[in-house]
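What follows is one structure encoded as structure tokens, with my remarks underneath.
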Amino acid sequence: MDIPTPIDLSTWPRREHFEHYRTAVPCSYALTVELDVTEFAEALRRSPRKSYVAQIWALATVVNRHDEFRMSINTAGEVGVWPVLHPAFTVFNPDRETFASVWTPYSTDFSTFHDAAADTLAMHRTATAFFPQGPPPANAFDVSSLPWTSFTGFNLNIAGSEDHLLPIFTLGRYVRREGRTLLPVAAQIHHAAADGFHASRLLNELQELFANPSWID
């Protein structure tokens, strides 16, 4: 079973920032961008792979590169970094107009993850329970999709979330502009875990994955 690796606070460069944004001024922030996914969308049109699953894998891949997006606080108040995060994602039930939250273990191999996640979505598309697989693991981060609308801003207002350090992502509907395909991506980040620099790096690396989608084949 995965457990977080403790952070040595005595040598951690962000210790003061962490303590400030966790206790003195606890806050999260939302950052919404439109990523250019033209090449990504074209590659998927030539492939049997599912767009939503590919988007989730790309997010999970970038999240798992960086310690600041895999942080948690245990019951003893200790800060640690999970060795791996698994994506938990929404699946919509159109008959009930409700959604379920499911998850699939992350794999660095896209094909392996794709097949497992596609099976998970198909299995739970008619789910009536919020968590049809049971509670997600502690080392899971959340992804949701709003394929019915695009957006240029999205913010979650989460009460009592001072110790929820894992990021939350929301994906919107593609929009076409000047011959390019854009994907709205909203990232909800706890400021104790990551600053604007870290969030920008994550989104820039996500853009690079979408711009070079050879991994889809």
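The values are calculated or read from the model by the stated rules, or taken from the named source; none is laboratory data. Bear in mind that the values here come from a model prediction, so they are computed numbers and not experimental data. Quick reminder, even Gly has a Cβ in these numbers, built from the backbone with ideal geometry, and neighbours come from all protein chains shown. Please note that ligands, DNA and RNA were not included when accessible areas were found on the heavy atoms of the full protein model with its side chains. Shrake-Rupley method; radii C 1.70, N 1.55, O 1.52, S 1.80 Å.
Data overview
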item: Among (1) under 30 Å from residue 184 (Cα atoms); (2) of a type outside the set (Ser, Thr, Tyr); (3) in contact with a helix residue (DSSP H, G or I) (Cβ under 8 Å, 6 or more places away or on another chain), the one test that residue 64 misses; result: (3)
item: Criterion (among the small types (Gly, Ala, Ser) and in contact with a strand residue (DSSP E or B) (Cβ under 6 Å, 6 or more places away or on another chain)) met by exactly one of 211, 192, 199; result: 199
item: Counted residues, the range 187-217 - those being β-branched (Val, Ile, Thr) and in contact with a Lys or Arg (Cβ under 8 Å, 6 or more places away or on another chain); result: 1
item: Count - residues of the range 165-196 that are within 18 Å of residue 88 (Cβ to Cβ) and in contact (Cβ under 8 Å) with a residue 40 or more places away in the chain; result: 12
item: Count of the range 43-87 residues which are closer than 19 Å to residue 121 by Cβ and among the polar types (S, T, N, Q); result: 4
item: All positions within the range 19-64 that are touching a strand residue (DSSP E or B) at 6+ places or on another chain (Cβ under 6 Å) and among the small types (Gly, Ala, Ser); result: 28, 30, 41, 60
item: Those strands (runs of 3 or more DSSP E) lying entirely in the range 98-217 with at least 1 residues open to solvent by 20 Å² or more (accessible area, probe 1.4 Å) and of a type in the set (Val, Ile, Thr); result: 98-103, 168-172, 175-177
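Residues are listed down the side, and each one gets a yes or a no for (1) out of contact with any Lys or Arg (no Cβ under 9 Å at 6 or more places or on another chain); (2) hydrophobic (A, V, I, L, M, F, W, C); (3) under 14 Å from residue 86 (Cβ atoms):
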| residue | (1), (2), (3) |
| --- | --- |
| 124 | yes, no, no |
| 137 | yes, no, yes |
| 140 | yes, yes, yes |
| 148 | no, yes, no |
| 152 | yes, no, no |
| 157 | yes, no, no |
| 165 | no, yes, no |
